[in-house]
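Have a look at the structure below before the remarks.
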Amino acid sequence: MKNKEQMIRETEKYVKTVLGHDSSGHDWWHMERVRRLGCWLAKREGADVFIVEMAALLHDLADEKIAGSEEAGMKKVRQWLEHCSLSKKEENSVIEAISTVSYKGGNGEAPRTLEAMVVQDADRLDAIGAIGIARTFMYAGHRGQPMYDPALPVRNVMTKEEYRHGPSSTIHHFYEKLLKLKSLLHTKSAKNLAIRRHEFMEQFLQQFYKEWDFHDKGGSDFADSID
């Protein structure tokens, strides 16, 4: 019978094998950051650290963006958990946490356990702030989306299919998801962490628009910078 430390180490190796070369922002290092954030939150919120750690390491293997479909992804996760010899209760707890992580354009299921809330919060914290900005542009490049198109409207309400495949841009994604995440977090610890990250995104957008509109405003930003 494997102990929990062995299960974690084997899961790390497995995830690195599957996502080690991902170029969409859902790579091994994203999993590692979510794992660290998740464990930190779990200890402060009284969640089961082992369940959170396993779910955080595996969560994107079940994402349709990675697996092709949720069904195929979740099947792989279940097979891996069976390989690790988790108890049925632990397996169900990990699956429960993974199944509600994804945003899906605001159409995702609400987490039903504290562990699921913690994993979702950790994943969403990694989607905002400086790293969130970097991952957003990385994913957009992977998908071939434009950096910004002022002619496109911001989509406030959309189906999961529209969210995944409808016309948008990297900057639009801030309004369609990233700037909404702070108010959708569950745990007090995550909400505290989100404040500065959210502010940083707002500052980034302000600077982006200043540079985008440079010619329309007569280059005042540039002039101010060299005075």
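Quick notes
- Length added when fully stretched, His165-Leu152, from 0.36 nm per residue minus Cα-Cα: 3.3 nm
- Pairs of Cα atoms farther than 20 Å apart, the range 32-103, %: 26
- Per-residue Karplus couplings for the range 168-179, computed as 6.51 cos²θ - 1.76 cosθ + 1.60 with θ equal to phi - 60°, are listed in order as 7, 9, 4, 5, 4, 4, 4, 7, 7, 8, 4, 6 Hz, Gly and Pro entered as x.
- GNM on the chain, alpha-carbon springs under 10 angstrom: the most fluctuating residue among His21, His198, His173 is His21.
- Karplus-derived HN-Hα couplings along the range 93-104 (A = 6.51, B = -1.76, C = 1.60, θ = phi - 60°), whole Hz, x at Gly and Pro: 5, 5, 4, 4, 5, 5, 5, 10, 5, 5, 6, 6
- Shape category assigned to the range 37-177 from the gyration tensor of Cα positions, a/c cut at 1.5: prolate
- Residue of Lys16, Lys43, Lys182 that the Gaussian network model of the chain assigns the largest fluctuation, springs spanning Cα pairs under 10 Å: Lys43
- Rounded to 10°, Cα long-axis angle of helix 4-19 versus longest principal axis of the chain: 50
- Lysine pair count for the range 74-227 [Cα-Cα under 24 Å; pairs on different chains or 8 or more apart]: 24
- 3J(HN,Hα) along the range 186-199: 9, 8, 4, 4, 5, 4, 5, 5, 6, 4, 5, 5, 5, 4 Hz, from the Karplus curve 6.51 cos²θ - 1.76 cosθ + 1.60 with θ = phi - 60°, whole Hz, x for Gly and Pro.
- Alpha-carbon Debye profile of the range 124-168, log10 I(q)/I(0) at 0.24 Å⁻¹: -1.06
- Between Ser87, Ser169, Ser24, the Gaussian network model of the chain with springs among Cα atoms under 10 angstrom shows the greatest mean-square fluctuation at Ser87.
- Across the chain, Cα pairs under 8 Å and at least six residues apart give a relative contact order of 18 percent.
The numbers here are math on the coordinates, done by the rules we state, and not lab data. This one's a predicted model, so the numbers in the text were calculated from it and none came from an experiment.
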